[in-house]
1. Quick one: what are the phi-derived ³J(HN,Hα) couplings along the stretch 134-146, Karplus 6.51/-1.76/1.60 with θ = phi - 60°, whole Hz, x for glycine and proline?
2. Using a probe radius of 1.4 Å on heavy atoms only, what accessible surface per residue do you get for the stretch 100-158? Whole Å² is fine.
3. Under a crude label model (7 Å from the Cα following the beta-carbon direction), how far is ASP58 from SER95 in nanometres?
4. What does the charge count around GLU116 come to, taking other residues whose C-beta lies under 11 Å from its C-beta (Lys +1, Arg +1, Asp -1, Glu -1)?
5. Starting from the amide H of LYS72, placed 1.01 Å from N in the peptide plane, find each other amide H under 5 Å away whose residue is 5 or more places distant or on another chain.
6. Given a 1.4 Å probe and every protein chain left where it sits, what share in percent of the accessible area of the stretch 49-141 is carbon and sulfur?
7. Which order do LYS72, LYS103 take when ranked by solvent-accessible area (1.4 Å probe, heavy atoms of all protein chains), largest first?
8. Given a 1.4 Å probe and heavy atoms of the protein chains only, how would you sort GLU56, GLU68, largest accessible area at the top?
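The values are calculated or read from the model by the stated rules, or taken from the named source; none is laboratory data. Bear in mind the structure is a predicted one, so any value in this text is a computation, not a measurement. No Cβ is skipped: glycine too gets one built from the backbone with ideal geometry, and neighbour counts run over all protein chains shown. Areas reflect the complete protein model, heavy atoms only, side chains present, ligands, DNA and RNA absent. Shrake-Rupley method; radii C 1.70, N 1.55, O 1.52, S 1.80 Å.
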Amino acid sequence: MRVTSMVAGLALLLAACGGEKKAANESTTAAPEQPAGAPAAAPAAGGGTNHDVMMELDGSNYKFNPSELTIKAGDVVTFHNKSGGPHNVSFWADSIPAGGADKLKAAMPDQMAPLEGPLLTEQDGTYKISFAGAPTGDYKFYCLPHLALGMHGKITVQ
Ligand SMILES: [Cu+2]
């Protein structure tokens, strides 16, 4: 890839000047990582609580676990691809409070379509949605690949 070869070229140049170690350090810090010292399971930035929801195949049942949860506006829900994937998180536009769609559209990374999260294909892959500023009420959602198999749930924002 172009960027890789550029980096490799730069590293070679620096190595020629005896700066190989420095270049390696720089490429590490340049990676788009979380700020150092931020634990993975910490409270969400902004002070909201994180809630974990598993996406799993339990016997022959595809499900969100828990399938219903109550959170506060400002909380974050992290969906985990545990088994039976790929899964995703899609919200029914007509089953969320007024004004909720705009908040979710802004809060959901990599939507395939409005209110439709990307397919999680990686084992233990996660998808985070912040409910910062979300109106109170019920947000009903489903997994696109497994909707017909009953994989859906509800988040209540208090
Ligand atoms: Cu699914």
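1. My calculation for the stretch 134-146 gives 6, x, 5, x, 9, 10, 8, 9, 8, 9, 4, x, 10 Hz in order.
2. Working: 3010 Å² over 59 residues.
Value for the stretch 100-158: 51 Å² per residue.
3. Placing both labels 7 Å beyond Cα along the Cβ direction yields 1.8 nm.
4. Values: positive: LYS105; negative: ASP110.
Around GLU116, the surrounding residues sum to 0.
5. Residues meeting the amide H criterion: GLN158.
6. Numbers: 2100 of 4470 Å².
Carbon and sulfur: 47 percent of the exposed surface of the stretch 49-141.
7. Working: LYS72 120, LYS103 95 Å².
Order by accessible area, largest first: LYS72, LYS103.
8. Numbers: GLU56 35, GLU68 120 Å².
Listed by decreasing accessible area, they come as GLU68, GLU56.
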